[in-house]
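Step one of this worksheet: look at the structure below.
The values are calculated or read from the model by the stated rules, or taken from the named source; none is laboratory data. Quick caveat: nothing in here was measured; it's all calculated off a predicted structure. Here the Cβ positions follow ideal geometry from the backbone for every residue, glycine too, while neighbour counts run over all protein chains shown. Quick note on the areas: whole protein, heavy atoms, side chains included, nothing else; ligands and nucleic acids left out. Shrake-Rupley method; radii C 1.70, N 1.55, O 1.52, S 1.80 Å.
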There are 4 protein chains.
Amino acid sequence: MERKHIPLQKQRLEAFSDGVIAIVITLMILEIKIPEVTGNASAGEIWNSWFNAIPLLIAYILSFVILGVLWVNHHQFFQQVKHIDRKLLWYNLHLLFWMCIIPLPTAFLGLHFERPEATALYGFNMFMTASAFALMREYVHKNEHLLIDHLSKALRKKLRIKILATVALYFISIFTGYISIYISLGIFLLIIVIYFMPQNTVIEIKE
Amino acid sequence: MERKHIPLQKQRLEAFSDGVIAIVITLMILEIKIPEVTGNASAGEIWNSWFNAIPLLIAYILSFVILGVLWVNHHQFFQQVKHIDRKLLWYNLHLLFWMCIIPLPTAFLGLHFERPEATALYGFNMFMTASAFALMREYVHKNEHLLIDHLSKALRKKLRIKILATVALYFISIFTGYISIYISLGIFLLIIVIYFMPQNTVIEIKE
Amino acid sequence: MERKHIPLQKQRLEAFSDGVIAIVITLMILEIKIPEVTGNASAGEIWNSWFNAIPLLIAYILSFVILGVLWVNHHQFFQQVKHIDRKLLWYNLHLLFWMCIIPLPTAFLGLHFERPEATALYGFNMFMTASAFALMREYVHKNEHLLIDHLSKALRKKLRIKILATVALYFISIFTGYISIYISLGIFLLIIVIYFMPQNTVIEIKE
Amino acid sequence: MERKHIPLQKQRLEAFSDGVIAIVITLMILEIKIPEVTGNASAGEIWNSWFNAIPLLIAYILSFVILGVLWVNHHQFFQQVKHIDRKLLWYNLHLLFWMCIIPLPTAFLGLHFERPEATALYGFNMFMTASAFALMREYVHKNEHLLIDHLSKALRKKLRIKILATVALYFISIFTGYISIYISLGIFLLIIVIYFMPQNTVIEIKE
């Protein structure tokens, strides 16, 4: 009589995560109410009502890009994972939870762009999301049998520093809005730029 | 001339279920309206309006975790299933039906945390969900050709007791709210804790 | 220089259809607004407000089951399909279109259960959905290279009669509500019962 | 020590895109509010309220078909792609962004059918969507290792002309509404007809 875990499918975890991220990224648009104009509004009034929706659109674009970065990294992270276990399902659900919440501070940021409370809530949500990602990453890297074999130590260290730096930056962004909301917005943009930089896509394989 | 069932794909059942669960888990957030504050509200007024949304957030987190438990168990259950038939599609749709309903009592619980009617509705929905899961499990275990071969009788019995206990606990939770809503909430938490316990992930394989 | 169609993946058509059906089946629940009760409402008032939502819930359950029947049949239909082409993508999109519309007459039926206009709209939507399915089926059966090889003529004829009967019944249900809405509701139930009957799951394979 | 990109899965990109497109295509229906009629409304009043919803339905059908065309082409495009890289993920996310926005001008067009501002916004969104598709196509065709081997130069040139013509037509449609909105609507229909034409499904394979 052998005791064994029921093997879990990485593919189903990925499909479920893709589903949740796809829904979140699309749902946010629901928060943007189309401007209501009367039938005999002038062209100027119509364009004005759309211009007023621009902060909401900018907040939506910001969250869309951040969710895009998260999806790309989720994709790349699970390319490094060989096996999954039940705990990893929960680390992933924890990450998805914070991603599901994102539409709330996004809409609040769009409505109250000028308020430090809005960037604080937004930064907090992103800080928790990045932390959830870091926790999941730590768990997998502490359980090496879950990882594919050919990841170099140097790369693993580099990826770890990068994600911890992201967590730290988001933490700082919670408070910087009280000095100027543009510092917080600048931090959000900085993190996106870091993740767009091409060197991150290269992986060193040890042989 | 042979008469045979058209084989059905387990994979498509899983993908469809994942889609529904992903949508339910994400849709619930729509019920949480972001607090409306005027442009010149004080910081205190803003935070107050968010604090008022905390019961809704707690109800959302509770349902998120319960749906997470259900997804993990759905995942593990279908890892034990080898073949599916048309009846199993319907047992699964029945389960999905009760999961789709969850956002309704969740929002009601968030708005009326202190009312026994809210925990009764919530407990009833969870009781029906767990019953639907139990019914599906019974069907598969009565039709052994649907199961993978190497499940020990001991494990199958243990899993059965566990799910029937869950059904019983949720049934009790419908009524306990009339004594104190905290008993019902305690039962909801207890069930989550039971499903988090690590021994459940181990499977004994008979050889 | 050979001229050839780019092969299309049946799997991606199925995944997309599953996504759309999963979203429709879950979205409908959004139309059911949770009853608003004041903080000091009596238990009687709370239960009354939920009882008032019962027609909406019944309409939702009806559409959930019909969409379930459609998904099960979509699943079984594409198990009979070997190849897909660009036209079949559009026959399928046409079917999905009428399925996407279902939440509208469902909500209208839930709000105006007693009106023949509500059953007429509902019946019309179902008539168009069933017609779209029949059209897709006719297309595939006229292009035999799309079909798997071992479908007997007898079975194909039986399936054809069944779907044409469904189309006819839904057509009749558009008008019967003006005599009594219960005739229309009875037709909707009758069709569900027909599709639940077990003999439909058996396929005769010619050898 | 070799330096290599982590391979990315084309399948996951497709599944994620399917999810987003499925949600967008289904979400739009939420913008169509079912007509509110009182319990004792006459049949005439009920039908009138539905007739008033017809512009919204037409706008919805238009966007449904355009999104269908986009999905079919997305499907066919990735059938021509052999490998994906990180940049392609972002080109695809850029395309999905503009597709996610579509429900906004769709609803606006439905509410203000007669206004050139509505067709301008709609045309602009479609212009950006087609441009995003063209950009993604250009990127893949400049990086030939991402493409499957057997695409003839002639076909590639034909496909390029077709998509650039689509971009140009949508650009024109932004402005033609100020002469007559029916010119813009005519352009939208013309593009759909172009993509329905059967010759587009044939591919010349060089040997």
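Find which of C:Leu189, A:Phe16, D:Val81 sits farthest along the positive direction of the dipole of the protein assembly as shown, computed with +1 on the beta-carbon of Lys and Arg, -1 on that of Asp and Glu, about the Cα centre.
Of the options given, the answer is D:Val81.
Could you tell me the total accessible area buried at the C-D interface, probe 1.4 Å, in square angstrom to the nearest hundred?
Counting protein atoms only, the buried area is about 4300 Å².
Given charges of +1 on the Cβ of Lys and Arg and -1 on the Cβ of Asp and Glu, with all other atoms neutral, how large is the dipole of region A:19-119 about its Cα centre, in debye to the nearest 20?
Dipole magnitude for region A:19-119 comes out near 520 debye.
Projected area of the protein assembly as shown, taken from the Cα convex hull and averaged over every viewing direction, in nm²?
Quarter of the Cα hull surface area: 38.1 nm².
Could you work out the local net charge near A:Ile34, counting Lys and Arg as +1, Asp and Glu as -1, over the other residues with Cβ closer than 15 Å to its Cβ?
Once positives and negatives cancel, what remains is -2.
Given that compact globular proteins tend to follow 2.2 N^0.38 Å, what is the ratio of the alpha-carbon Rg of region B:8-149 to that value?
1.31
Helix C:153-176 versus the longest principal axis of chain C: what angle, 0 to 90°, nearest 10, using Cα atoms?
Long axis of C:153-176 versus the principal axis of chain C: about 30 degrees.
Stick to the Cα atoms of region C:24-63, pair each with every other, and give me the Kirkwood hydrodynamic radius in Å at one decimal.
11.1 Å
Can you give me the accessible area per residue for the protein assembly as shown, using a 1.4 Å probe, in Å²?
Per residue, the protein assembly as shown has 41 Å² of solvent-accessible surface.
Relative contact order for chain D: what is it in percent, counting Cα pairs under 8 Å that are at least 6 residues apart?
After rounding, I find 23 percent.
Mind scanning B:Lys87/D:Lys10; C:Lys87/D:Lys162; B:Lys10/C:Lys82; A:Lys10/D:Lys162; C:Lys162/D:Lys33 and naming the pairs with a C-alpha gap bigger than 28 Å?
With Cα atoms farther than 28 Å apart: B:Lys87/D:Lys10; A:Lys10/D:Lys162; C:Lys162/D:Lys33.
Just tell me how shielded B:89-101 is by partners: mean number of partner chain Cβ atoms within 10 Å of each residue's Cβ, no decimals.
Mean shielding count: 4.
Averaged over D:29-35, how many beta carbons belonging to a partner chain fall within 10 Å of each residue's beta carbon?
5
Provide Rg over Rh for region B:66-207; use the alpha carbon set for both Rg and the Kirkwood Rh (inverse mean inverse pair distance).
Rg divided by Rh gives 1.01.
Using a 1.4 Å probe on the protein heavy atoms, what percent of the accessible area of chain C belongs to carbon and sulfur?
67 percent
About its Cα centre, how strong a charge dipole does chain B have in debye, to the nearest 20, once Lys and Arg get +1 and Asp and Glu get -1 at the Cβ?
980 debye
Please report, in debye to the nearest 20, how large the charge dipole of the protein assembly as shown is about its Cα centre when each Lys and Arg carries +1 at its beta carbon and each Asp and Glu carries -1 there.
3040 debye
Treating the point 7 Å from Cα along Cα-beta-carbon as the label, what are the nm separations from B:Val81 to the other copies, to one decimal?
Listed shortest first, these distances are 2.3, 2.3, 3.2 nm.
Once you keep just the Cα pairs under 8 angstrom separated by 6 or more residues, what percentage relative contact order results for region D:58-162?
Rounded, it is 37 percent for region D:58-162.
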